[in-house]
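**Q** Handing you this structure, nothing more for now.
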Amino acid sequence: MNRISQIFFPVFLLTLLQAAAWGLAPGRDAWTPDKMDQRRALPNVSTPPERREPVVRLAPRKDEGIIRRVALPEGEKAVALTFDLCELDTVTTGCDMEALNFLRQRRIPATLFMGGKWMRTHARRVWLLMTEPLFEIGNHAWSHGNCALLSPEGLSAQVLWTQAQYELLREDALRAAREAGEAAPDIPPVPRLFRLPYGRSSEPALHSLAEMGLRIIQWDVAAEAGDNRSPKRARREGRRIASRVRPGAILLFHANRVPKGTALLLREVVEALQERDYTFVTVGRLLEMGQPQTVRDGYFTTPGDNRALDRKFGVDGTGRRTPFTGR
Ligand SMILES: [Zn+2]
(Lines give C-alpha, C1' and ligand atoms only; values in the text may rest on other atoms or scores of the structure.)
Protein backbone atom coordinates (compact mmCIF):
# COMPACT_ATOMS: atom_id res chain seq x y z
CA MET A 1 0.00 0.00 0.00
CA ASN A 2 1.42 3.41 -0.87
CA ARG A 3 1.32 6.32 1.53
CA ILE A 4 -1.89 7.84 0.15
CA SER A 5 -3.80 4.56 0.40
CA GLN A 6 -2.51 4.13 3.95
CA ILE A 7 -4.14 7.43 4.86
CA PHE A 8 -7.33 7.02 2.89
CA PHE A 9 -8.10 3.35 3.38
CA PRO A 10 -9.12 3.73 7.06
CA VAL A 11 -11.23 6.78 6.17
CA PHE A 12 -12.89 4.84 3.37
CA LEU A 13 -13.56 1.91 5.69
CA LEU A 14 -15.04 4.18 8.36
CA THR A 15 -17.32 5.84 5.81
CA LEU A 16 -18.51 2.43 4.64
CA LEU A 17 -19.17 1.31 8.21
CA GLN A 18 -21.01 4.53 8.95
CA ALA A 19 -23.18 4.17 5.87
CA ALA A 20 -23.98 0.59 6.88
CA ALA A 21 -24.92 1.73 10.39
CA TRP A 22 -27.18 4.44 8.95
CA GLY A 23 -28.76 1.88 6.68
CA LEU A 24 -29.59 -0.23 9.72
CA ALA A 25 -31.17 2.69 11.55
CA PRO A 26 -34.38 3.22 9.58
CA GLY A 27 -35.26 6.78 8.68
CA ARG A 28 -31.99 8.25 9.85
CA ASP A 29 -31.15 10.04 6.62
CA ALA A 30 -34.83 10.91 6.19
CA TRP A 31 -33.98 13.92 8.43
CA THR A 32 -31.95 15.50 5.63
CA PRO A 33 -33.87 18.42 4.09
CA ASP A 34 -35.18 17.83 0.57
CA LYS A 35 -37.13 19.75 -2.09
CA MET A 36 -40.50 18.85 -0.61
CA ASP A 37 -39.60 20.66 2.62
CA GLN A 38 -39.61 24.01 0.86
CA ARG A 39 -42.45 26.50 1.12
CA ARG A 40 -45.28 25.88 -1.36
CA ALA A 41 -43.63 22.65 -2.58
CA LEU A 42 -46.59 20.48 -1.55
CA PRO A 43 -50.08 20.84 -3.07
CA ASN A 44 -52.61 22.85 -1.08
CA VAL A 45 -55.71 20.97 0.08
CA SER A 46 -58.23 22.85 2.19
CA THR A 47 -60.79 20.10 2.81
CA PRO A 48 -61.55 18.99 6.41
CA PRO A 49 -59.54 16.13 7.92
CA GLU A 50 -60.69 12.54 7.47
CA ARG A 51 -61.75 12.56 11.14
CA ARG A 52 -63.25 15.79 12.50
CA GLU A 53 -63.74 14.83 16.15
CA PRO A 54 -60.90 13.38 18.22
CA VAL A 55 -61.58 10.04 19.91
CA VAL A 56 -59.77 11.26 23.04
CA ARG A 57 -61.41 14.28 24.68
CA LEU A 58 -59.46 16.04 27.42
CA ALA A 59 -61.12 16.91 30.72
CA PRO A 60 -62.03 20.60 30.96
CA ARG A 61 -59.49 22.74 32.79
CA LYS A 62 -59.92 25.74 34.99
CA ASP A 63 -59.26 28.79 32.81
CA GLU A 64 -55.75 29.92 33.77
CA GLY A 65 -55.20 32.46 30.98
CA ILE A 66 -52.27 32.63 28.58
CA ILE A 67 -48.93 31.33 29.87
CA ARG A 68 -46.03 33.56 28.83
CA ARG A 69 -43.28 32.14 31.04
CA VAL A 70 -42.75 30.04 34.17
CA ALA A 71 -41.36 31.34 37.47
CA LEU A 72 -38.75 28.79 38.60
CA PRO A 73 -37.26 28.12 42.02
CA GLU A 74 -34.05 30.10 42.73
CA GLY A 75 -31.04 28.61 40.95
CA GLU A 76 -32.93 26.67 38.23
CA LYS A 77 -31.78 27.76 34.77
CA ALA A 78 -34.15 25.99 32.39
CA VAL A 79 -35.85 27.47 29.33
CA ALA A 80 -38.17 26.05 26.66
CA LEU A 81 -37.57 26.41 22.93
CA THR A 82 -40.83 26.33 20.94
CA PHE A 83 -41.35 26.13 17.18
CA ASP A 84 -44.55 27.04 15.36
CA LEU A 85 -45.55 25.14 12.23
CA CYS A 86 -48.23 27.43 10.85
CA GLU A 87 -50.19 26.92 7.62
CA LEU A 88 -53.15 28.93 6.32
CA ASP A 89 -56.10 27.48 4.39
CA THR A 90 -54.87 29.12 1.22
CA VAL A 91 -51.22 28.06 0.92
CA THR A 92 -48.77 25.38 2.03
CA THR A 93 -45.66 26.16 4.06
CA GLY A 94 -42.50 24.10 4.53
CA CYS A 95 -40.63 22.17 7.18
CA ASP A 96 -37.25 23.36 8.48
CA MET A 97 -35.49 20.01 8.76
CA GLU A 98 -32.15 21.77 9.19
CA ALA A 99 -33.34 23.43 12.43
CA LEU A 100 -35.17 20.32 13.68
CA ASN A 101 -32.23 18.06 12.93
CA PHE A 102 -29.89 20.46 14.73
CA LEU A 103 -32.00 20.04 17.88
CA ARG A 104 -31.97 16.28 17.44
CA GLN A 105 -28.21 16.09 16.92
CA ARG A 106 -27.50 18.23 19.97
CA ARG A 107 -30.09 16.28 22.03
CA ILE A 108 -32.07 19.46 22.78
CA PRO A 109 -35.72 18.94 23.80
CA ALA A 110 -38.29 21.28 22.21
CA THR A 111 -42.02 21.82 21.86
CA LEU A 112 -43.46 21.94 18.34
CA PHE A 113 -46.81 23.67 17.85
CA MET A 114 -48.26 22.16 14.69
CA GLY A 115 -51.19 23.40 12.66
CA GLY A 116 -53.56 20.50 11.88
CA LYS A 117 -53.54 21.22 8.15
CA TRP A 118 -49.74 21.51 8.28
CA MET A 119 -49.63 18.04 9.91
CA ARG A 120 -51.65 16.54 7.06
CA THR A 121 -49.56 18.29 4.37
CA HIS A 122 -46.30 17.22 6.06
CA ALA A 123 -47.38 13.77 7.28
CA ARG A 124 -44.04 12.13 6.39
CA ARG A 125 -42.26 14.67 8.63
CA VAL A 126 -44.81 14.37 11.46
CA TRP A 127 -44.19 10.60 11.62
CA LEU A 128 -40.48 11.29 12.23
CA LEU A 129 -41.10 14.12 14.70
CA MET A 130 -43.72 12.17 16.67
CA THR A 131 -41.40 9.25 17.25
CA GLU A 132 -38.49 11.46 18.42
CA PRO A 133 -38.75 11.45 22.25
CA LEU A 134 -37.02 14.85 22.49
CA PHE A 135 -40.01 16.56 20.93
CA GLU A 136 -43.36 17.42 22.45
CA ILE A 137 -46.19 18.28 20.07
CA GLY A 138 -48.76 21.01 20.72
CA ASN A 139 -51.84 22.19 18.80
CA HIS A 140 -51.57 25.37 16.69
CA ALA A 141 -55.15 25.40 15.26
CA TRP A 142 -56.21 23.79 11.97
CA SER A 143 -55.42 26.60 9.52
CA HIS A 144 -54.12 29.41 11.72
CA GLY A 145 -57.55 30.78 12.62
CA ASN A 146 -57.36 33.97 14.70
CA CYS A 147 -59.06 33.13 18.02
CA ALA A 148 -60.12 36.76 18.49
CA LEU A 149 -62.12 36.63 15.22
CA LEU A 150 -63.43 33.05 14.84
CA SER A 151 -67.04 32.14 15.70
CA PRO A 152 -67.45 29.66 18.59
CA GLU A 153 -68.06 26.86 16.01
CA GLY A 154 -65.09 27.96 13.94
CA LEU A 155 -62.81 27.99 16.98
CA SER A 156 -63.94 24.59 18.13
CA ALA A 157 -63.34 23.08 14.64
CA GLN A 158 -59.88 24.70 14.37
CA VAL A 159 -58.90 23.01 17.63
CA LEU A 160 -60.68 19.64 17.37
CA TRP A 161 -59.82 18.96 13.71
CA THR A 162 -56.19 19.37 14.72
CA GLN A 163 -56.53 16.97 17.66
CA ALA A 164 -58.23 14.48 15.30
CA GLN A 165 -55.55 14.85 12.58
CA TYR A 166 -52.86 14.22 15.20
CA GLU A 167 -54.66 11.04 16.28
CA LEU A 168 -54.80 9.78 12.67
CA LEU A 169 -51.04 10.31 12.19
CA ARG A 170 -50.29 8.75 15.57
CA GLU A 171 -52.30 5.68 14.56
CA ASP A 172 -50.28 5.48 11.32
CA ALA A 173 -46.99 5.73 13.25
CA LEU A 174 -48.05 2.99 15.67
CA ARG A 175 -49.23 0.78 12.81
CA ALA A 176 -45.94 1.28 10.92
CA ALA A 177 -43.94 0.26 14.02
CA ARG A 178 -46.15 -2.80 14.51
CA GLU A 179 -45.75 -3.87 10.87
CA ALA A 180 -41.98 -3.43 11.09
CA GLY A 181 -41.93 -5.61 14.20
CA GLU A 182 -40.60 -2.71 16.31
CA ALA A 183 -41.60 -1.75 19.84
CA ALA A 184 -44.53 0.71 19.90
CA PRO A 185 -43.18 4.30 20.09
CA ASP A 186 -44.31 6.27 23.12
CA ILE A 187 -46.51 8.98 21.55
CA PRO A 188 -49.02 10.86 23.76
CA PRO A 189 -52.65 10.19 22.68
CA VAL A 190 -53.43 13.89 21.97
CA PRO A 191 -51.73 17.27 22.43
CA ARG A 192 -52.47 19.09 25.70
CA LEU A 193 -50.92 22.45 24.87
CA PHE A 194 -52.28 25.06 22.49
CA ARG A 195 -50.61 28.04 20.87
CA LEU A 196 -52.73 30.98 19.71
CA PRO A 197 -52.15 31.88 16.04
CA TYR A 198 -50.84 35.48 15.92
CA GLY A 199 -50.93 35.33 19.73
CA ARG A 200 -54.50 36.67 19.42
CA SER A 201 -57.34 35.72 21.70
CA SER A 202 -60.51 36.89 23.43
CA GLU A 203 -62.13 36.16 26.80
CA PRO A 204 -64.70 33.72 25.27
CA ALA A 205 -61.89 31.94 23.37
CA LEU A 206 -59.85 31.47 26.57
CA HIS A 207 -62.88 29.86 28.26
CA SER A 208 -63.62 27.70 25.26
CA LEU A 209 -59.99 26.44 25.02
CA ALA A 210 -60.04 25.61 28.74
CA GLU A 211 -63.35 23.73 28.21
CA MET A 212 -61.57 21.66 25.53
CA GLY A 213 -58.89 20.81 28.11
CA LEU A 214 -55.99 22.73 26.56
CA ARG A 215 -53.41 24.94 28.26
CA ILE A 216 -52.54 28.06 26.29
CA ILE A 217 -48.82 28.59 25.85
CA GLN A 218 -47.37 31.77 24.48
CA TRP A 219 -43.81 33.08 24.77
CA ASP A 220 -41.93 35.87 26.48
CA VAL A 221 -39.04 36.00 23.99
CA ALA A 222 -39.70 36.10 20.24
CA ALA A 223 -36.83 34.70 18.17
CA GLU A 224 -37.93 35.85 14.74
CA ALA A 225 -35.35 34.98 12.14
CA GLY A 226 -36.68 36.62 8.99
CA ASP A 227 -35.25 35.53 5.65
CA ASN A 228 -31.78 36.97 6.16
CA ARG A 229 -29.19 34.20 6.04
CA SER A 230 -26.10 36.21 6.86
CA PRO A 231 -24.09 34.40 9.59
CA LYS A 232 -22.89 37.75 10.94
CA ARG A 233 -26.42 39.01 11.40
CA ALA A 234 -27.56 35.70 12.92
CA ARG A 235 -24.75 35.94 15.44
CA ARG A 236 -25.66 39.50 16.42
CA GLU A 237 -29.40 38.66 16.62
CA GLY A 238 -28.71 35.43 18.51
CA ARG A 239 -26.74 37.32 21.19
CA ARG A 240 -29.44 39.99 21.42
CA ILE A 241 -32.20 37.39 21.85
CA ALA A 242 -30.19 35.38 24.40
CA SER A 243 -29.60 38.56 26.43
CA ARG A 244 -33.37 38.89 26.92
CA VAL A 245 -33.77 35.34 28.25
CA ARG A 246 -34.34 34.79 31.98
CA PRO A 247 -34.78 31.41 33.72
CA GLY A 248 -38.25 29.99 32.93
CA ALA A 249 -38.43 31.75 29.54
CA ILE A 250 -40.43 30.38 26.62
CA LEU A 251 -38.84 31.25 23.26
CA LEU A 252 -40.78 31.48 20.01
CA PHE A 253 -39.21 30.24 16.77
CA HIS A 254 -40.81 29.09 13.51
CA ALA A 255 -39.92 25.83 11.76
CA ASN A 256 -42.21 26.11 8.72
CA ARG A 257 -39.61 27.85 6.53
CA VAL A 258 -41.69 31.01 6.37
CA PRO A 259 -38.71 32.68 8.01
CA LYS A 260 -35.80 31.01 6.21
CA GLY A 261 -33.11 32.00 8.71
CA THR A 262 -34.31 29.87 11.67
CA ALA A 263 -31.55 27.23 11.61
CA LEU A 264 -28.76 29.83 11.67
CA LEU A 265 -30.40 31.91 14.38
CA LEU A 266 -31.25 28.84 16.46
CA ARG A 267 -27.62 27.70 16.57
CA GLU A 268 -26.50 31.14 17.79
CA VAL A 269 -29.23 31.38 20.45
CA VAL A 270 -28.52 27.85 21.71
CA GLU A 271 -24.77 28.44 21.93
CA ALA A 272 -25.18 31.81 23.67
CA LEU A 273 -27.55 30.26 26.23
CA GLN A 274 -25.32 27.23 26.80
CA GLU A 275 -22.41 29.58 27.53
CA ARG A 276 -24.58 31.03 30.28
CA ASP A 277 -25.34 27.51 31.66
CA TYR A 278 -28.96 27.34 30.57
CA THR A 279 -30.54 23.93 30.00
CA PHE A 280 -33.40 23.17 27.62
CA VAL A 281 -36.66 21.42 28.48
CA THR A 282 -40.05 21.00 26.81
CA VAL A 283 -42.86 23.34 27.83
CA GLY A 284 -44.57 20.39 29.56
CA ARG A 285 -41.49 19.84 31.73
CA LEU A 286 -41.02 23.58 32.39
CA LEU A 287 -44.62 23.76 33.71
CA GLU A 288 -43.84 20.95 36.17
CA MET A 289 -40.83 22.87 37.46
CA GLY A 290 -42.50 26.12 38.57
CA GLN A 291 -45.44 28.51 38.53
CA PRO A 292 -46.85 29.69 35.19
CA GLN A 293 -47.04 33.45 34.71
CA THR A 294 -50.08 34.43 32.70
CA VAL A 295 -51.80 37.31 30.91
CA ARG A 296 -55.39 37.65 29.65
CA ASP A 297 -54.53 39.09 26.24
CA GLY A 298 -51.79 37.72 24.01
CA TYR A 299 -49.08 39.83 22.41
CA PHE A 300 -45.57 39.55 20.91
CA THR A 301 -43.41 41.88 23.01
CA THR A 302 -45.71 44.70 24.13
CA PRO A 303 -49.48 44.49 24.79
CA GLY A 304 -51.54 45.26 21.68
CA ASP A 305 -48.64 44.85 19.22
CA ASN A 306 -50.39 42.04 17.30
CA ARG A 307 -53.83 43.66 16.82
CA ALA A 308 -52.93 44.98 13.37
CA LEU A 309 -52.52 41.36 12.17
CA ASP A 310 -56.33 40.91 12.45
CA ARG A 311 -56.82 42.44 9.03
CA LYS A 312 -53.83 40.99 7.20
CA PHE A 313 -54.63 37.30 6.66
CA GLY A 314 -58.13 37.06 5.19
CA VAL A 315 -61.27 37.58 7.25
CA ASP A 316 -60.22 35.45 10.23
CA GLY A 317 -56.51 34.67 10.01
CA THR A 318 -56.94 31.56 7.84
CA GLY A 319 -56.32 33.50 4.61
CA ARG A 320 -59.94 32.87 3.51
CA ARG A 321 -62.29 35.54 2.15
CA THR A 322 -65.26 33.95 3.91
CA PRO A 323 -65.32 33.01 7.60
CA PHE A 324 -64.10 29.56 8.60
CA THR A 325 -67.09 27.83 10.20
CA GLY A 326 -65.95 24.22 10.39
CA ARG A 327 -68.69 23.02 8.05
ZN1 LIG B 1 -48.46 30.47 13.81
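The values are calculated or read from the model by the stated rules, or taken from the named source; none is laboratory data. Predicted, not measured: the structure shown is a model, and the values here were computed from it. In this analysis, Cβ positions are derived from the backbone assuming ideal geometry, glycine residues included, and neighbour counts consider all displayed protein chains. Accessible surface areas use protein heavy atoms only, side chains included; no ligands, DNA or RNA. Shrake-Rupley method; radii C 1.70, N 1.55, O 1.52, S 1.80 Å.
**Q** From the phi angles alone, apply the Karplus equation (6.51, -1.76, 1.60; θ = phi - 60°) to the range 73-88 and give each ³J(HN,Hα) in whole Hz, x where the residue is Gly or Pro.
**A** x, 3, x, 6, 10, 9, 9, 10, 8, 10, 9, 8, 10, 8, 8, 6
**Q** Using a simple spin-label model with points 7 Å from Cα along the Cα→Cβ vector, what separation in nm is obtained for Glu288 and Ser151?
**A** About 4.1 nm, to one decimal.
**Q** Quick one: 3J(HN,Hα) in Hz for the range 118-124, Karplus 6.51/-1.76/1.60 with θ = phi - 60°, rounded, Gly and Pro as x.
**A** 4, 4, 5, 4, 10, 3, 5
**Q** Once every DSSP H run of n ≥ 4 in the chain is given -39500 (n - 2.57) and the sum is divided by its residues, what mean residue ellipticity at 222 nm do you get, rounded to the nearest 500 deg cm²/dmol?
**A** -11000 deg cm²/dmol
**Q** Mind giving me the nanometre distance, one decimal, between the label points for Arg51 and Asp310, set 7 Å out from Cα along Cα→Cβ?
**A** 3.6
**Q** Return a whole-number percent for the relative contact order of the chain, with Cα pairs under 8 Å and 6 or more residues apart as the contact set.
**A** Value for the chain: 28 percent.
**Q** Output needed: percent of Cα pairs per 10 Å distance bin for the chain, bins running from 0 to the one holding the longest distance.
**A** Binned Cα distances yield the sequence 6, 25, 34, 23, 8, 3, 1, 0.
**Q** Sticking with this one: Largest first, what is the accessible-area ranking of His254, His207, His140 with a 1.4 Å probe?
**A** The ordering from most to least exposed comes out as His207, His254, His140.
**Q** Let me ask something else. Suppose every Lys and Arg Cβ carries +1 and every Asp and Glu Cβ carries -1, with no other charges. What dipole size does the chain come out with about its Cα centre, to the nearest 20 debye?
**A** That gives the chain a dipole magnitude of about 840 debye.
**Q** Can you give me the solvent accessible area of Arg106 with a 1.4 Å probe, rounded to the nearest 10 Å²?
**A** Solvent-accessible area, nearest 10 Å²: 90 Å².
**Q** Okay, moving on. Just read off the accessible area of Glu153 with the full protein assembly in place, 1.4 Å probe, to the nearest 10 Å².
**A** Approximately 100 Å² of Glu153 is accessible to the 1.4 Å probe.
**Q** Evaluate the distance, in nm, between pseudo-label points positioned 7 Å from the Cα of Ala183 and of Thr90 along their respective Cα→Cβ axes.
**A** For Ala183 paired with Thr90, the spin-label model returns 4.8 nm.
**Q** All other residues with a Cβ under 11 Å from the Cβ of Arg192 taken together, and with Lys, Arg as +1 and Asp, Glu as -1, what is their net charge?
**A** +1
**Q** In terms of modelled amide H atoms, which long-range or inter-chain residues lie less than 5 Å from the amide H of Gln293?
**A** Those lying under 5 Å, H to H, from Gln293 are Arg68, Arg69, Val70, Ala71.
**Q** Can you tell me the convex hull volume per residue for the range 246-302, based on C-alpha atoms, in Å³ to the nearest whole number?
**A** Enclosed volume per residue, from the Cα hull, is 123 Å³.
**Q** Protein chains only, probe 1.4 Å: how do Trp142, Trp127 rank by accessible area, largest first?
**A** Ranking Trp142, Trp127 by accessible area, largest first, yields Trp127, Trp142.
**Q** So, one more: Would you mind getting the accessible area per residue of the chain, heavy atoms of the protein chains only, 1.4 Å probe, in Å²?
**A** Ligands and nucleic acids excluded, the figure is 48 Å² per residue.
**Q** Net charge near Glu76, counting Lys/Arg +1 and Asp/Glu -1 over other residues with Cβ under 15 Å of its Cβ?
**A** Charge balance in the 15 Å sphere: +2.
**Q** Tally up the carbon and sulfur contribution to the accessible surface of the chain as a whole percent, 1.4 Å probe, everything protein left in place.
**A** 54
**Q** Output the antiparallel fraction of DSSP beta bridges having both residues in the range 64-311, as a percent to the nearest 5.
**A** Within the range 64-311, antiparallel bridges account for around 15 percent of the total.
**Q** Count the net charge of all other residues whose Cβ sits under 14 Å from the Cβ of Ser243, scoring Lys and Arg as +1 and Asp and Glu as -1.
**A** So the environment of Ser243 carries a net charge of +2.
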